[in-house]
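What follows is a single structure, written as structure tokens, with notes after it.
The values are calculated or read from the model by the stated rules, or taken from the named source; none is laboratory data. All of these numbers come straight from a predicted model, not from anything done at the bench. Don't worry about glycine lacking a Cβ; one is built from the backbone with ideal geometry, like all the others, and counts go over all protein chains shown. Keep in mind that these areas ignore ligands, DNA and RNA; they rest on the heavy atoms of the full protein, side chains included. Shrake-Rupley method; radii C 1.70, N 1.55, O 1.52, S 1.80 Å.
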Amino acid sequence: MDIVWRMVAGNKKTSLTPAVFHILLALSSGELHGYAIIKQVEADSQGKVNMGAGTLYGSLKRMLDAGLLKESEKRVDVEMDDARRIYYRITGVGEKALAAELERYRHIVGVAKKLELIPKTFSYEV
Amino acid sequence: MKFEKETVRILYKKLLALYPRLFREQFGESMEQTFNDLYHERKQQAGQGLFGFVLWMSIETFAGVIKEHLIQIKRGANMENTISNHKSAAIVGFLSAMPLAILLLIQVYDIEPLKGFFETLTTEADGHQISALGRIFEASALLLLPLGFVISLVPVMRNVRAGDGLTANPVNLLITVALFIFIAILVISIIIDQYPCWIGIPNCD
């Protein structure tokens, strides 16, 4: 069984890889094709995460195998060109994995806040 | 340096051909399309400064190629396919010699800053003793060599048994011979280096 799936299946101690987390986050707002995922990840991370094709498609393969994503039908992106592209969409399992990871982050931020490690300008509410 | 889009595209396509077959069939076309999209975007933004982008994408994709092959080997299910396919056997055989070859080249030709970087990484704080990480590096690089030799040898042996002759897959034969010579030189060098110690000469190290 794939490592991502093992995490989803119940090993709560294992976190998602940064690439998997960012892809799930990008797809949570709708179906996207490969290039659009890279751009969305870049936007979500304020330019801090630059994902290449190797990382993206390696992660997509494992996420598809683990049932976190599904391939949507091929269609044309009218804003780009007339090439047909494969779109990906998040599944219910993917949404649960993303929610679990966000909960884990929320807990970590809570701990950091208690330890007064977060700058006062940081406005995250736990 | 100015990169013509068509040349870069062809080179990237050749790089994608190194992926395992199933992965390539599933994602090869999409990866090429994504690369073209990113290239087009960078060209519009940066104009001439594309060398860094192409280099980064190539290294990143090559790392992906190695990772996918390692995952297949780790899973075990596709090991048989790797050996039965003469192309992937040649690629795995060639790649298996790379870590040791690169380490030796860095050592012999004093390639800085890589040599300094590896020495820092593989020696203890006192700078003399090889660290545990260094021993793992060395052992892995050494073990990969005979493994690569066996993997590249299998298709050659199969051709011979089938009566197709030694040169049915010349690339496999070339890599097998090269790996054999590499291993032989390594073994002879170790024997020459360590022989005085074996016969009891003091302070031989």
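A few notes on this one:
- Filtered residues of region B:194-204 (kept if part of a helix (DSSP H, G or I) and open to solvent by 100 Å² or more (accessible area, probe 1.4 Å)): B:TYR195, B:TRP198
- Residue within region B:181-193 that is hydroxyl-bearing (Ser, Thr, Tyr), open to solvent by 70 Å² or more (accessible area, probe 1.4 Å) and assigned to a helix (DSSP H, G or I) present: no
- Note on region A:14-115: enclosed helices (runs of 4 or more DSSP H) holding 1 or more residues that are at pLDDT 90 or above, within 10 Å of chain B (Cβ to nearest Cβ) and touching a helix residue (DSSP H, G or I) at 6+ places or on another chain (Cβ under 7 Å) are A:34-44, A:53-66.
- The set of residues in region B:30-44 being touching a helix residue (DSSP H, G or I) at 6+ places or on another chain (Cβ under 9 Å) and more than 8 Å from chain A (Cβ to nearest Cβ) consists of B:GLU32, B:ASN36, B:TYR39, B:HIS40, B:GLU41, B:ARG42, B:LYS43.
- Lone qualifier among B:PHE27, B:PHE23, B:PHE62 - being in contact (Cβ under 8 Å) with a residue 24 or more places away in the chain, open to solvent by less than 40 Å² (accessible area, probe 1.4 Å) and within 9 Å of chain A (Cβ to nearest Cβ): B:PHE23
- Close pairs from region A:58-71: first closer than 12 Å to B:PHE27 by Cβ and touching a residue at least 12 places away in the same chain (Cβ under 8 Å), partner in a strand (DSSP E or B) and β-branched (Val, Ile, Thr), Cβ under 8 Å, at least 6 apart: A:GLU71/A:ILE86
- Enumeration of residues in region B:27-66 that are more than 30 Å from B:GLY148 (Cα to Cα) and small (Gly, Ala, Ser): B:SER30, B:ALA46, B:GLY47, B:GLY49, B:GLY52
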